[in-house]
Amino acid sequence: MAQTNWTLDLGGAPWNEDCAQIGHTLNFDLVNTAEAMLYRAALIAVAGFPPAGITLRIKANAHDFGTYRTVEARIDDDQDDGSHASYLETLEIGIAFWHQAGFAPPEFSKLTASDQLVSFVVDAVASALRITRPSTTGAFFPESSGPIHRNLTAAFPEAAQRAFSEGAVPC
């Protein structure tokens, strides 16, 4: 039986936020890559880690004026356990603003070199974890912070460790 794969382009940033523009944004390649990496993390924050058969990846798209990156869901229907439709619907809706996934607006201007990308993303996820953390009673406010916090903690353990390690900068 042939494997059934298809893809869904999810965009490169929350749909109501300003985003990097080819030919206009300083360090476009770097900023666009960081933006797509953070958007992937934000989608995981709201939708959870992808179920078996769905992979979220950063895809380079060639364009007449240069290459831009977006988040792409790669779907293998043969691995659908019944969870794909709901998960993909959440991804397709996406988010309008960074804060809907617990993220502060990213300061892309701080990026100057590609070797900063991973740390930039981990720091942004750690910040989102601190923003969405529960109170001392264990309650989340707003309540929508609970699933976001749990999803980010599960998907990004290095960021969770950084967010709550001794010496972490409070939000």
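The values are calculated or read from the model by the stated rules, or taken from the named source; none is laboratory data. Quick caveat, the model's predicted, so the values are computed rather than measured. Neighbour counts are summed over all protein chains in view; Cβ atoms, including those assigned to glycine, are modelled from backbone coordinates with ideal geometry.
Take the range 84-101 and flag every residue that is surrounded by 15 or more Cβ atoms within 10 Å (Cβ to Cβ) and either at negative phi or modelled with pLDDT of 95 or more (or both). Matches in the range 84-101: HIS84, TYR87, LEU88, LEU91, ILE95, TRP98, HIS99, GLN100, ALA101.
Scanning the range 102-112 for residues that are small (Gly, Ala, Ser) and modelled with pLDDT of 95 or more yields GLY102, ALA104. In the range 106-119, is there at least one residue being under 17 Å from GLU35 (Cβ atoms), surrounded by fewer than 13 Cβ atoms within 10 Å (Cβ to Cβ), in contact (Cβ under 8 Å) with a residue 12 or more places away in the chain and β-branched (Val, Ile, Thr)? Within the range 106-119, one or more residues are under 17 Å from GLU35 (Cβ atoms), surrounded by fewer than 13 Cβ atoms within 10 Å (Cβ to Cβ), in contact (Cβ under 8 Å) with a residue 12 or more places away in the chain and β-branched (Val, Ile, Thr). Applying the set (1) exposed (fewer than 14 other Cβ atoms within 10 Å of the Cβ); (2) touching a helix residue (DSSP H, G or I) at 6+ places or on another chain (Cβ under 7 Å); (3) farther than 21 Å from GLN100 by Cβ to ASP64 leaves exactly one unmet item: (2).
Can you name every residue in the range 62-88 that is within 30 Å of GLY23 (Cα to Cα) and without any contact (Cβ under 8 Å) to a residue 40 or more places away in the chain? Break it down into steps so the answer makes sense when it comes.
At the first step, the residues of the range 62-88 found to be within 30 Å of GLY23 (Cα to Cα) are 62-74.
Across the range 62-88, the qualifying residues are ALA62, ASP64, THR67.
Scanning the range 19-57 for residues that are closer than 18 Å to HIS149 by Cβ, assigned to a helix (DSSP H, G or I) and not hydrophobic (A, V, I, L, M, F, W, C) yields one hit, ARG40. Within the bounds of the range 113-123, is there any residue that is in a loop (DSSP other than H, G, I, E, B) and at pLDDT below 95? Scanning the range 113-123 turns up no residue that is in a loop (DSSP other than H, G, I, E, B) and at pLDDT below 95.
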